[in-house]
Amino acid sequence: MIAKVIVDVANSKTDRSYDYLIPDEWTSFIEKGMRVIVPFNNRNVQGFVVDLEEHSTVPNLKKIKKFVDMSPVLTGELLDLGFWLSEAALCFKITALQAMLPVALKARYKKQLERVQADMLPKEVNDLFQKNDLIDWDEVIKLPAGLLKQIQKLIKAGAMKMVTEIKDRTTSKTIKVVKPAMGKNDLLKEIETLTPRAKKQKEILEWFLVHFAEIPSNELLMKLHATRSTLKALINKQILVENDRKIYRDPYEAASFKQTEPLALTDIQQKAIQPILSSVENSEQEIFLLHGVTGSGKTEIYLQSIQSVLEKGKEAIMLVPEISLTPQIVQRFKERFGSDVAVLHSGLSAGEKYDEWLKIHRKEVKVVVGARSAIFAPFENIGMIIIDEEHESSYKQEENPRYHARDVAEWRSKYHQCPLILGSATPSLESYARSQKNVYHLSELTERIHSQSMPEVMIVDMREELREGNRSIFSRILIEKIKEKLDRKEQCVLFLNRRGYSTFIMCRDCGYVAECPHCDISLTYHKNKNTLKCHYCGFEEMAPNRCPDCGSQHIRFFGTGTQKVEEELTKLMPEARIIRMDVDTTSRKGAHEKLLSAFANKQGDILLGTQMIAKGLDFPDVTLVGVIAADTMLNLPDFRAAERTFQLLTQVSGRAGRHKLQGEVIVQSYNPEHYSIQLASGHNYTSFYLTEMKARKAHAYPPYYYLTLITVSHPELMKVIAVAEKITSRLKKELSNKAIVLGPAASVIPRIKDRYRYQCMIKYKNEPNLFHALKSILNQYENELGNSGLQIVIDSNPYMLM
DNA sequence: AGCACGCCGACT
DNA sequence: GTCGGCGTGCTC
């Protein structure tokens, strides 16, 4: 038998399957989707079996060396999906296949030096090997040059050789468990022969007499207040045996979840869920766009839809944006579906993710709640896929394979003939446009449950404040309102989309601006450490107190970040308890949850944060939401700037007054008349959609046109320009005259990490040649891509134009 | 990617 | 005459 294997060598020349002979003893064992280890050009690499065949046309096949899995890690469906994905995202097949598995399953290669004939080695070389016949290559590299030379010769002579060992990164957590080494009758006899002084030993054995089962050692010792030494005595006497047992890490172990029952749906919810349920009933592949204002009860619709899927014996995938994978959402799923749920998000360690993935693989769960990559959950009988907050940019992966979870979800829903639900209070223009063309089935939830009204939104013109002499970052009305809420023991959420203290520092005498030495971007001042940081490459240096250029001491800090807001707020209201949430305060594991639960327990009056506090949070006592600078995003050079601003303002405002108390929102802006700010404050999605669509049409942007962005980067500017120009002119030649090819132009950030960056953008409607043109461009530069430091990134349907 | 092969300059 | 630098090409 022949196995077709995709090897773990990410390169365009090796981007295909290779045939290998399956050793006779494994012919009935090796299956599609398993990982194997194969010899490949004088070394061993890992690969995926993607097909099995009787015969091969290739002479002199090599044999599969080892198998890695006892059962396939990729289903037939996922293999097909991987091939589709590698085409859609223009990446190597192996890259696509690996993206579908938890990182823990990615092969790790360890090079070693093996001793073949000890008697041929001189003493000083033999001494390097102690008991083992292998030395890690990392150790070999450190040896003195003289010794290396000898080793080189010995390798040539065949006395030693280089080998690669391949390992998973799976580390299983084990615990010690203990059980009787004999039957009940013998156990009884042993108890009788114990000396009267061995009171604790007797207690332990009596426990086993009653329970007669394996138990974690620690648990047993805790229960009986015994110590390890007592247990050890019994193990030594071979009355009990102790073993290591692999256990799952359960990130949510400590939390206990009360089971909840489905809530009664309002009439509006009922109307929205009906078509979904009938689609589940008839196993129809339909895509629903669930457009529901914040607080309209979308989650309950998800839960009940999934319930109906489970009742049919099928599985469900629910995607949520990374940032909103707060305990709140997880809790609602765990409460409803108990241990049927696996949770996958980036806050978990590689081992924890692997364990959650294993639960799916072993069919121990029926529901997955997770971020983007959870769309690859290895279910085989999917009855529904849900993407909550479908407009979120975190569904687009910004590295290879550059896929959008929505596209993968559509593919899988077609494969399984099941409904796909896209939910959002502010759908992406692409999705809403499809619903207008009846490609998607639109369901609207226009009212909040319990008919709370939408919060009152007030726009404050900050230019006016400035004119009236208020130079603070807070408007007078915002300060007044915060104080009012504090007096009433209610809570506030303040939002600012910028971390750090100041966005840039400038010398007032000579105009010097501190910039990153590796990127063309100004450095952000972080006050707590008194450093300047680059938010793109991580560069950090001490902040100067004199201008490095002219020596002046007049250095001023411009722009406002969360740190500065926190400081100003403390000055104005020393009594307020502020919880700040941004990348800098949540980098440690679990910090996110800790800060949120502190706020939920009212250990804080004001929650101040960036992006990450905009979504999904639901705190009953929050009655004021303040947006400190609504225009920060509006001024970005991105065609989605208005859409993002509208979405963010709507999401943030949705945090206020979700329960009994009426909410208020204050939006500070320097562009108060901009339609995205005006329409967000009026909660008017439809008008925003229509206005924005006109702008998109006028400028030939999605959803009227598809986009593909090509970014060329290299340490030398001339090289970048030359390559970008060649690519652009080639595309202009090869594409139809209906395609718009723009560029080459310097990227918004012209240099990152010492690499210059140029871009070319393609706008098109129907361009069957595009795929081949792009592929041949990649092929043309392939040998330059690796060694000369040239990088070409092709992103179809980009979310980040930077 | 990474390893072998092969071709040309520097050296015992 | 050999050793070792790196460009080139192939991997079932």
Residues satisfying the stated conditions in the range A:590-637, i.e. without any contact (Cβ under 8 Å) to a residue 40 or more places away in the chain and either within 16 Å of A:Val665 (Cβ to Cβ) or of a type in the set (D, E, K, R) (or both): A:Lys594
So A:Glu389 passes all but one of these: (1) touching a Gly at 6+ places or on another chain (Cβ under 6 Å); (2) at pLDDT below 95. Which condition number does it fail? (1)
Over the range A:619-677, the set of residues open to solvent by 20 Å² or more (accessible area, probe 1.4 Å) and among the small types (Gly, Ala, Ser) is A:Ala629
Please enumerate the residues belonging to the range A:5-14 that are modelled with pLDDT under 95 and either more than 10 Å from DNA strand B (Cβ to nearest atom) or touching a helix residue (DSSP H, G or I) at 6+ places or on another chain (Cβ under 6 Å) (or both). A:Ala10, A:Ser12
Across the range A:542-589, the tally of residues that are in contact (Cβ under 8 Å) with a residue 12 or more places away in the chain and outside any strand (DSSP E or B) stands at 29
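Within the range A:172-193, track down each residue that is in contact with a helix residue (DSSP H, G or I) (Cβ under 9 Å, 6 or more places away or on another chain) and loosely packed, with under 12 Cβ neighbours inside 10 Å.
We begin by selecting, within the range A:172-193, every residue in contact with a helix residue (DSSP H, G or I) (Cβ under 9 Å, 6 or more places away or on another chain); these are A:172-173, A:175-182, A:184, A:187-188, A:190-191.
Passing the criteria: only A:Lys184.
Does A:Met100 meet the test of being at pLDDT below 90 and within 30 Å of the chain's Cα centre (by Cα)?
Working: at pLDDT below 90: no; within 30 Å of the chain's Cα centre (by Cα): yes.
Considered against the rule, which asks whether it is at pLDDT below 90 and within 30 Å of the chain's Cα centre (by Cα), A:Met100 comes out as no.
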Considering the range A:125-159 alone, what residues qualify as being part of a strand (DSSP E or B) and of a type in the set (D, E, K, R)? A:Asp136
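Looking at the range A:607-620 only, could you name the residues that are in a strand (DSSP E or B) and of a type in the set (A, V, I, L, M)? Don't jump to the end; show me each part of the working.
Step one: list which residues in the range A:607-620 are in a strand (DSSP E or B), which gives A:607-609.
Hits for the range A:607-620 are A:Leu607, A:Leu608.
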Restricting to the range A:252-299, what's the tally of residues that are of a type outside the set (A, V, I, L, M), crowded, with 18+ Cβ neighbours inside 10 Å and assigned to a helix (DSSP H, G or I)? 4
With respect to A:Lys437, determine if the residue is over 30 Å from A:Asn11 (Cα atoms), open to solvent by 20 Å² or more (accessible area, probe 1.4 Å) and in contact with a Phe, Trp or Tyr (Cβ under 9 Å, 6 or more places away or on another chain). no
Mind checking which pairs have a first residue in the range A:29-44 that is outside the structural domain of A:Ile94 (by TED's automatic domain parsing) and within 14 Å of A:Lys63 (Cα to Cα) and a second that is more than 16 Å from DNA strand B (Cβ to nearest atom) and of a type in the set (S, T, N, Q), Cβ under 8 Å, 6 or more apart or different chains? none
Tell me, please, whether a residue that is free of Cβ contacts under 8 Å to residues at least 60 places away in the same chain, in contact with a strand residue (DSSP E or B) (Cβ under 6 Å, 6 or more places away or on another chain), assigned to a loop (DSSP other than H, G, I, E, B) and open to solvent by 40 Å² or more (accessible area, probe 1.4 Å) can be found in the range A:496-513. yes
Inspect the range A:59-78 for any residue being within 16 Å of DNA strand C (Cβ to nearest atom) and either open to solvent by less than 10 Å² (accessible area, probe 1.4 Å) or of a type in the set (S, T, N, Q) (or both) and give the result as yes or no. yes
Looking at the range A:10-46 only, could you name the residues that are within 12 Å of DNA strand C (Cβ to nearest atom), out of contact with any Asp or Glu (no Cβ under 6 Å at 6 or more places or on another chain) and among the small types (Gly, Ala, Ser)? A:Ala10, A:Ser17
Please tell me if A:Gly604 is over 24 Å from the mean Cα position of the chain (by Cα) and not in a loop (DSSP other than H, G, I, E, B). no
Just checking, which of A:Leu105, A:Leu81, A:Leu52 is more than 12 Å from DNA strand C (Cβ to nearest atom), at pLDDT 95 or above and under 22 Å from the mean Cα position of the chain (by Cα)? A:Leu81
When the range A:450-478 is examined, which residues are found to be surrounded by fewer than 18 Cβ atoms within 10 Å (Cβ to Cβ), of a type in the set (A, V, I, L, M, F, W, C) and under 29 Å from A:Ala425 (Cα atoms)? A:Met458, A:Ile477
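If you scan the range A:155-180, which residues turn out to be modelled with pLDDT under 80 and more than 44 Å from the chain's Cα centre (by Cα)?
Filtering the range A:155-180 down to residues modelled with pLDDT under 80 leaves A:156-158, A:168-174.
Correct list: A:Lys156, A:Ala157, A:Gly158.
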For the range A:156-171, what are the residues that are within 16 Å of DNA strand C (Cβ to nearest atom) and open to solvent by 50 Å² or more (accessible area, probe 1.4 Å)? A:Lys156, A:Ala157, A:Met162
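Among the residues of the range A:739-749, are any over 25 Å from A:Asp638 (Cβ atoms) and of a type outside the set (D, E, K, R)? Please lay out each step first, then the result.
First, the residues of the range A:739-749 that are over 25 Å from A:Asp638 (Cβ atoms): none.
Within the range A:739-749, none of the residues are over 25 Å from A:Asp638 (Cβ atoms) and of a type outside the set (D, E, K, R).
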Does A:Lys4 fit the bill of being assigned to a strand (DSSP E or B) and either within 10 Å of DNA strand C (Cβ to nearest atom) or surrounded by fewer than 17 Cβ atoms within 10 Å (Cβ to Cβ) (or both)? yes
Only one residue in A:Ile727, A:Ile792 is of a type in the set (A, V, I, L, M), surrounded by 14 or more Cβ atoms within 10 Å (Cβ to Cβ) and within 16 Å of DNA strand B (Cβ to nearest atom). Which one? A:Ile792
Considering only residues that are outside any strand (DSSP E or B) and modelled with pLDDT of 85 or more, look in the range A:621-633 and name the one that is farthest from the chain's Cα centre (by Cα). A:Asp621
Odd one out for A:Glu447, checked against (1) outside any loop (DSSP other than H, G, I, E, B); (2) open to solvent by 10 Å² or more (accessible area, probe 1.4 Å); (3) touching a residue at least 40 places away in the same chain (Cβ under 8 Å): (1)
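In the range A:730-768, what residues are at positive phi and open to solvent by 50 Å² or more (accessible area, probe 1.4 Å)? Walk me through how you get there before you give the answer.
First, pick out the residues of the range A:730-768 that are at positive phi: A:743, A:753-754.
Answer for the range A:730-768, where residues must be at positive phi and open to solvent by 50 Å² or more (accessible area, probe 1.4 Å): A:Lys753, A:Asp754.
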Single residue of the range A:606-618 satisfying the filter (open to solvent by less than 10 Å² (accessible area, probe 1.4 Å) and among the hydrophobic types (A, V, I, L, M, F, W, C)) that is farthest from A:Met800 (Cα to Cα): A:Ile606
Kindly check whether there is at least one residue in the range A:85-94 that is open to solvent by less than 50 Å² (accessible area, probe 1.4 Å) and within 16 Å of DNA strand C (Cβ to nearest atom). yes
Conditions (1) in a strand (DSSP E or B); (2) under 33 Å from the mean Cα position of the chain (by Cα); (3) away from DNA strand B (no atom under 12 Å from the Cβ): number failed by A:Tyr20: (2)
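The values are calculated or read from the model by the stated rules, or taken from the named source; none is laboratory data. Remember, it's a predicted structure, so these values are computed and weren't measured experimentally. Cβ coordinates were reconstructed from backbone atoms using ideal geometry, including for glycine residues, and neighbour counts include every protein chain displayed. Heavy atoms of the whole protein, side chains included, go into the accessibility calculation; ligands, DNA and RNA do not. Shrake-Rupley method; radii C 1.70, N 1.55, O 1.52, S 1.80 Å.
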